[in-house]
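The values are calculated or read from the model by the stated rules, or taken from the named source; none is laboratory data. Keep in mind it's a predicted model, so treat the numbers as computed, not measured. Backbone-built Cβ (ideal geometry, glycine too); neighbour counts: all protein chains shown. Ligands, DNA and RNA are stripped out before the accessible areas are found, and what is left, the full protein with its side chains, is counted by its heavy atoms. Shrake-Rupley method; radii C 1.70, N 1.55, O 1.52, S 1.80 Å.
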Amino acid sequence: MRLRPSHLAGIAGVLACALLFAACENPKVAKLKADKSELEARLRHYSALTLASDSAGIAAMFAPNGEMVNPKRPSVRGRAAIEAYLAGFAGFHVNSNLDELEGTAIEGDSAEQVGTYRQSVRTPDGQVFETKGRFEIAWVRDASGEWLISQAATFPSN
């Protein structure tokens with residue numbers, strides 16, 4: 001069968017519509033994807049700060065009334081308290097830190113990430129220990145649009 005110019009024009013029109021439709025994305029879906037990508041980047045940044053033992057940097061990622069929770073210790077609330085708490089581990093060295101994200105749920109200006117963590121830490125006296133467990137991080141978007149941690153909870157399994 002031989003294609004006539006009118007057929008070619010019709011095929012070209014269908015292809016153009018398909019390309020246009022593929023380029024159009026629901027703005028809500030696009031926003032959700034952008035937020036998810038940004039939150040994943042924030043988690044990677046948190047992980048890097050943990051590896052660097054950067055107490056001030058970690059504390060700055062929290063909302064002003066943010067909280068660190070661990071069932072084996074009293075919770076710590078507020079940036080200054082979080083920074084002071086983490087500074088208490090200044091003699092420790094994080095040899096490795098791996099946060100594996102299992103999922104991110106976003107609803108408006110709130111989000112939650114869940115996953116697992118694994119760390120190797122050297123104590124001030126040179127002993128090395130491994131710790132692992134689950135994490136849950138609740139995020140809130142502040143007025144400037146930045147995602148901040150409202151609560152970071154860890155649940156050690158060892």
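Restricting attention to the stretch 71-123, and to residues there that are basic (Lys, Arg) and not in a loop (DSSP other than H, G, I, E, B), which single residue is modelled with the lowest pLDDT?
Arg73
Can you pull out every residue in the stretch 124-140 that is without any contact (Cβ under 8 Å) to a residue 60 or more places away in the chain, assigned to a strand (DSSP E or B) and either open to solvent by 20 Å² or more (accessible area, probe 1.4 Å) or more than 17 Å from Glu40 (Cβ to Cβ) (or both)?
First pass over the stretch 124-140, keeping only residues without any contact (Cβ under 8 Å) to a residue 60 or more places away in the chain: 124-136, 138.
Then drop every residue that is not assigned to a strand (DSSP E or B), which leaves 128-136, 138.
Across the stretch 124-140, the qualifying residues are Val128, Phe129, Glu130, Thr131, Lys132, Gly133, Arg134, Glu136, Ala138.
Against the condition over 24 Å from Ser37 (Cα atoms), within 20 Å of the chain's Cα centre (by Cα) and surrounded by 15 or more Cβ atoms within 10 Å (Cβ to Cβ), how does Arg79 come out, does it pass? Can you show your working first?
Values: over 24 Å from Ser37 (Cα atoms): yes; within 20 Å of the chain's Cα centre (by Cα): yes; surrounded by 15 or more Cβ atoms within 10 Å (Cβ to Cβ): yes.
So Arg79 fits the description; yes.
If you scan the stretch 141-152, which residues turn out to be small (Gly, Ala, Ser) and open to solvent by 50 Å² or more (accessible area, probe 1.4 Å)?
Initially, the stretch 141-152 is screened for residues small (Gly, Ala, Ser), giving 143-145, 150, 152.
Of everything in the stretch 141-152, those that are small (Gly, Ala, Ser) and open to solvent by 50 Å² or more (accessible area, probe 1.4 Å) turn out to be Ala143, Ser144.
Return the residues of the stretch 55-76 that are open to solvent by less than 70 Å² (accessible area, probe 1.4 Å) and within 25 Å of Ser157 (Cβ to Cβ); say none if nothing qualifies. Before you say what the answer is, go through the steps one by one.
The first filter runs over the stretch 55-76 and keeps only residues open to solvent by less than 70 Å² (accessible area, probe 1.4 Å), leaving 55-63, 66-70, 75-76.
The answer is Ser55, Ile58, Met61, Phe62, Gly66, Glu67, Met68, Val69, Asn70, Ser75, Val76.
With respect to Phe155, is the statement that it is within 18 Å of Leu51 (Cβ to Cβ) and open to solvent by 60 Å² or more (accessible area, probe 1.4 Å) true? Lay out the reasoning, then the answer.
Numbers: within 18 Å of Leu51 (Cβ to Cβ): no; open to solvent by 60 Å² or more (accessible area, probe 1.4 Å): yes.
Answer is no for this residue.
Taking the stated definitions as given, is Ala56 of a type in the set (A, V, I, L, M, F, W, C) and at pLDDT below 95?
Numbers: of a type in the set (A, V, I, L, M, F, W, C): yes; at pLDDT below 95: no.
Here the answer is no, as Ala56 does not meet what is asked.
If a residue must be open to solvent by 80 Å² or more (accessible area, probe 1.4 Å) and of a type outside the set (Asp, Glu), how many such residues does the stretch 94-123 contain?
Selection size over the stretch 94-123: 3.
If you go through the stretch 39-47 one residue at a time, do you hit one that is modelled with pLDDT under 95 and open to solvent by 50 Å² or more (accessible area, probe 1.4 Å)? Walk me through it before giving the result.
Kept after step one, since they are modelled with pLDDT under 95, are these residues of the stretch 39-47: none.
The answer is no; no qualifying residue exists.
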